[in-house]
Amino acid sequence: MSMRQSLAVALVAGTALGAGYFTFGLNAGAAGGGNPTTGLWGFDLAAMDRNLKPGDDFFRFTGGTWMKKTPIPADRSVWGSFNMLAAKSEQDVKNLVEEVSSRPQPAGSPEQKVADFYASYMDTKAIDALGLKPFQADLAAINAAKSHEDLVRLIGSPAFAANSPIGWGIGLDEKNPDRYAL
């Protein structure tokens, strides 16, 4: 899957999931047959490389056989259990979006909104025809920022919908897990 397709799937999924749209008349049992697909939880003894001593290289001792038998896909730089789960999730969402987009949906329904959003993203002719035109106001605002204060004001503006090199969030305080920190 290309970066562009991954981004499209992530955007559609994020929008749809955030709005509670992915119902599509399916329930968990029907969607996946009710059976787990990731295997059993716990430590995989077969993944161990018992030819190594744990004190020499504990990382390879615990997962060396798995690493030897599991190739990194050509389109990836790393490949582990979380990467595999992420790739499976991306593929599942892509399949769902394409399936919903493959047939007409009731007007105004969440399914129709997802299908329309996906179709607009995949309309490369319209995207190419517009070029940078949709971004001109943002580019002008960036160009107008002449000081650090201007830049901070721009980045903090709700009207400026872009990522920033500075991010923040709320999480557990690393020095005191009984409180939250910015």
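The values are calculated or read from the model by the stated rules, or taken from the named source; none is laboratory data. Because the structure is predicted, anything quoted here is derived from the model rather than measured. Cβ placement follows ideal geometry from the backbone for every residue including glycine, while neighbour counts extend to all protein chains displayed. Note: accessible area is taken over every heavy atom of the protein model, side chains too, but ligands, DNA and RNA are not part of it. Shrake-Rupley method; radii C 1.70, N 1.55, O 1.52, S 1.80 Å.
Observations on the model:
- For K94, the lysines whose Cα comes closer than 17 Å to its Cα, not counting residues fewer than 8 places off in the same chain, are K113.
- Per residue, the accessible area of the range 50-182 comes to 80 Å², computed with a 1.4 Å probe over protein heavy atoms only.
- The distance between label points at R76 and K133 comes to 4.0 nm (points 7 Å beyond Cα on the Cα→Cβ vector).
- Point-charge dipole on Cβ atoms (K/R +1, D/E -1) for the range 81-182, about Cα centre, debye to 20: 160
- The aspartates and glutamates within cross-link reach of K146, meaning a Cα-to-Cα straight distance under 15 Å and a gap of 8 or more places when in the same chain, are D138.
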